[in-house]
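Visitor: My questions all concern the structure below.
The values are calculated or read from the model by the stated rules, or taken from the named source; none is laboratory data. If you're wondering where the values come from, they're calculated on a predicted model, not measured in any experiment. Positions of Cβ are generated from backbone atoms using ideal geometry, with glycine treated the same way; all protein chains shown enter the neighbour counts.
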Amino acid sequence: MTALRIATILLAASFATIQIDSRDQKPKCSVVGHLVLEPLTSKVFGNTRMLRVWLPPGYDAKDHAKRYPVLYLNDGQNLFDACTSMFSSDEWKADETATTLIERGRIPPMIIVGIDNAGKRARPKEYLPFPDETLTPATPDVRGKDYPRFLLEEVMPLINKDFRTDDRPANTGLGGSSYGAGIALYTVMTHPDRFGRLLLESPSLYAHDDFLLHEAERFHRWPEKIFVGVGSFREPVDDVHRLAEILRRDGLGRDRLRVVEQPGAGHDERAWADRFPTALQFLYGSEPFVRSPTEER
């Protein structure tokens, strides 16, 4: 293990002990387990960002031949620590959830890679294959078509080199929320043989005259398992219903597709955190672990 990676593990471990006074109305900073911060300079996008690599309990044990399933998630800033979350004071609690599920034997030990977005202004440019005409200010110069190349040629090779991933498609997942879910869906449809798991939270599917939904209607080589989550408060429920029907027409039954609606839930990290235990277990485990206040259509 390199000195940089050792340093970042120690930094994450020490950061987990920081507590911010509640009187300041700021979130508490906390990371459960080992979070390695891996910088990546992208030639595709011409910028630098952080990859946040969460390692499961036991990863540093003596069995260095062991390889782990891996889940890549967009908007890495929002996954593990409320203090780095970009849009609210909430996080996905991906580290807490994965730790609990692994310790209880509900999912196998696995690696979760949070891919930071490029910032609030640049995020739509990287996550949209075509412009979203509803954005204000308008963002006509989008580069989402380059995202699969960024992921497959830059992010994944770096992770596979530095960490003990089981990078077979059956054990490789991709996901995100909102625009991050949309670009995950686009990437899977452009590279159908590379991912066996797909996680879509509150997916934004409407841009460019429902482009992603039209593409889904023409696509038929879906991953082995797909989880789709959505709330009912200012959420794209109708688009999720339409996507679910497309997937079911392609033969995805309950063993391959899980669609969860959460009444009253919004378009935010709190809702995505609430559904993450169910999503993670469906995609990588077997039996239900936590029954959130959700209902499945």
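Visitor: Return the residues of segment 218-232 that are among the small types (G, A, S) and either closer than 14 Å to R248 by Cα or in a loop (DSSP other than H, G, I, E, B) (or both); say none if nothing qualifies. Outline the logic, then answer.
Guide: First, pick out the residues of segment 218-232 that are among the small types (G, A, S): 229, 231-232.
Residue satisfying the conditions is S232 alone.
Visitor: Can you find even one residue in segment 88-109 that is part of a helix (DSSP H, G or I) and under 20 Å from N47 (Cβ atoms)?
Guide: no
Visitor: Provide a single number: the residues in segment 68-82 that are of a type outside the set (F, W, Y) and either touching a residue at least 60 places away in the same chain (Cβ under 8 Å) or within 19 Å of R104 (Cβ to Cβ) (or both).
Guide: Here is the first cut: in segment 68-82, the residues of a type outside the set (F, W, Y) are 69-71, 73-79, 81-82.
Going one step further and asking which of them are either touching a residue at least 60 places away in the same chain (Cβ under 8 Å) or within 19 Å of R104 (Cβ to Cβ) (or both), we end up with 69-71, 73-75, 78, 81.
Adding up the residues that qualify gives 8.
Visitor: Taking the criterion of being assigned to a strand (DSSP E or B), in contact (Cβ under 8 Å) with a residue 60 or more places away in the chain and closer than 23 Å to L199 by Cα, would at least one residue in segment 57-67 satisfy it?
Guide: Applying the first criterion (assigned to a strand (DSSP E or B)) to segment 57-67 yields none.
Scanning segment 57-67 turns up no residue that is assigned to a strand (DSSP E or B), in contact (Cβ under 8 Å) with a residue 60 or more places away in the chain and closer than 23 Å to L199 by Cα.
Visitor: I'm trying to understand the selection: among the residues of segment 126-148, which are part of a helix (DSSP H, G or I) and buried (at least 17 other Cβ atoms within 10 Å of the Cβ)? Break it down stepwise before answering.
Guide: Quick first cut of segment 126-148, residues part of a helix (DSSP H, G or I) only: 126-127, 144-148.
Within segment 126-148, E126, Y127, G144, Y147, P148 meet the criteria.
Visitor: Test G175 against the criterion of being assigned to a strand (DSSP E or B) and modelled with pLDDT of 95 or more, and give yes or no.
Guide: On the way: assigned to a strand (DSSP E or B): yes; modelled with pLDDT of 95 or more: yes.
Against the criterion (assigned to a strand (DSSP E or B) and modelled with pLDDT of 95 or more), G175 qualifies.
Visitor: Please count how many residues of segment 181-203 are in contact with a helix residue (DSSP H, G or I) (Cβ under 8 Å, 6 or more places away or on another chain) and in a helix (DSSP H, G or I).
Guide: Quick first cut of segment 181-203, residues in contact with a helix residue (DSSP H, G or I) (Cβ under 8 Å, 6 or more places away or on another chain) only: 182-183, 185-187, 189-191, 193-203.
Subsequent filtering for residues that are in a helix (DSSP H, G or I) retains 182-183, 185-187, 189-190.
Selection size over segment 181-203: 7.
Visitor: Also: Take E261 and tell me if it is at pLDDT 95 or above, surrounded by fewer than 22 Cβ atoms within 10 Å (Cβ to Cβ), of a type in the set (D, E) and not in a helix (DSSP H, G or I).
Guide: yes
Visitor: Do the conditions hold for I107, that is, is it of a type in the set (V, I, T) and in contact with a strand residue (DSSP E or B) (Cβ under 8 Å, 6 or more places away or on another chain)?
Guide: Numbers: of a type in the set (V, I, T): yes; in contact with a strand residue (DSSP E or B) (Cβ under 8 Å, 6 or more places away or on another chain): no.
Spelling it out, it is not the case that I107 is of a type in the set (V, I, T) and in contact with a strand residue (DSSP E or B) (Cβ under 8 Å, 6 or more places away or on another chain).
Visitor: Can you name the residue in segment 189-204 that is closer than 23 Å to A273 by Cα and in contact with a Lys or Arg (Cβ under 8 Å, 6 or more places away or on another chain) and is also surrounded by the fewest Cβ atoms within 10 Å (Cβ to Cβ) among such residues? Please lay out each step first, then the result.
Guide: First, the residues of segment 189-204 that are closer than 23 Å to A273 by Cα: 195-204.
With in contact with a Lys or Arg (Cβ under 8 Å, 6 or more places away or on another chain) added as a condition, the list becomes 196-198, 201.
Numbers: G196: 18, R197: 26, L198: 24, E201: 28.
Looking at the filtered set, the residue picked out is G196.
Visitor: Assess whether R121 counts as being assigned to a loop (DSSP other than H, G, I, E, B), closer than 23 Å to G285 by Cα and not aromatic (F, W, Y).
Guide: On the way: assigned to a loop (DSSP other than H, G, I, E, B): yes; closer than 23 Å to G285 by Cα: no; not aromatic (F, W, Y): yes.
No.
Visitor: Scan segment 43-55 residue by residue and report those that are in contact with a Phe, Trp or Tyr (Cβ under 8 Å, 6 or more places away or on another chain) and surrounded by 20 or more Cβ atoms within 10 Å (Cβ to Cβ).
Guide: As a first pass, look at segment 43-55 and keep what is in contact with a Phe, Trp or Tyr (Cβ under 8 Å, 6 or more places away or on another chain): 44-45, 52-55.
Of everything in segment 43-55, those that are in contact with a Phe, Trp or Tyr (Cβ under 8 Å, 6 or more places away or on another chain) and surrounded by 20 or more Cβ atoms within 10 Å (Cβ to Cβ) turn out to be R52, V53, W54, L55.
Visitor: Please tell me if G231 is surrounded by 15 or more Cβ atoms within 10 Å (Cβ to Cβ) and either among the charged types (D, E, K, R) or touching a strand residue (DSSP E or B) at 6+ places or on another chain (Cβ under 8 Å) (or both). Steps first, please.
Guide: Working: surrounded by 15 or more Cβ atoms within 10 Å (Cβ to Cβ): yes; either among the charged types (D, E, K, R) or touching a strand residue (DSSP E or B) at 6+ places or on another chain (Cβ under 8 Å) (or both): yes.
Taking the combined requirement at face value, the residue satisfies it.
Visitor: Here is a follow-up. Given the conditions (1) surrounded by 13 or more Cβ atoms within 10 Å (Cβ to Cβ); (2) at pLDDT below 50, and given that S22 satisfies all but one, which numbered condition is not satisfied?
Guide: (1)
Visitor: With respect to the numbered conditions (1) buried (at least 17 other Cβ atoms within 10 Å of the Cβ); (2) in contact with a strand residue (DSSP E or B) (Cβ under 8 Å, 6 or more places away or on another chain); (3) in contact (Cβ under 8 Å) with a residue 40 or more places away in the chain, which one is the sole condition not fulfilled by R123?
Guide: With (1) buried (at least 17 other Cβ atoms within 10 Å of the Cβ); (2) in contact with a strand residue (DSSP E or B) (Cβ under 8 Å, 6 or more places away or on another chain); (3) in contact (Cβ under 8 Å) with a residue 40 or more places away in the chain applied to R123, the lone miss is (2).
Visitor: If you don't mind, another one. Which number in (1) at pLDDT 95 or above; (2) on the phi < 0 side of the Ramachandran plot; (3) in contact with a Gly (Cβ under 8 Å, 6 or more places away or on another chain); (4) of a type in the set (S, T, Y) marks the one condition that S202 misses?
Guide: The one condition S202 does not meet is (2).
Visitor: Taking interchain pairs and intrachain pairs at least six residues apart, which have beta carbon atoms under 9 angstrom, with the first residue in segment 278-290 and in a helix (DSSP H, G or I) and modelled with pLDDT of 95 or more and the second of a type in the set (A, V, I, L, M) and surrounded by fewer than 19 Cβ atoms within 10 Å (Cβ to Cβ)?
Guide: Hits for this filter: T278/V290; Q281/V290.
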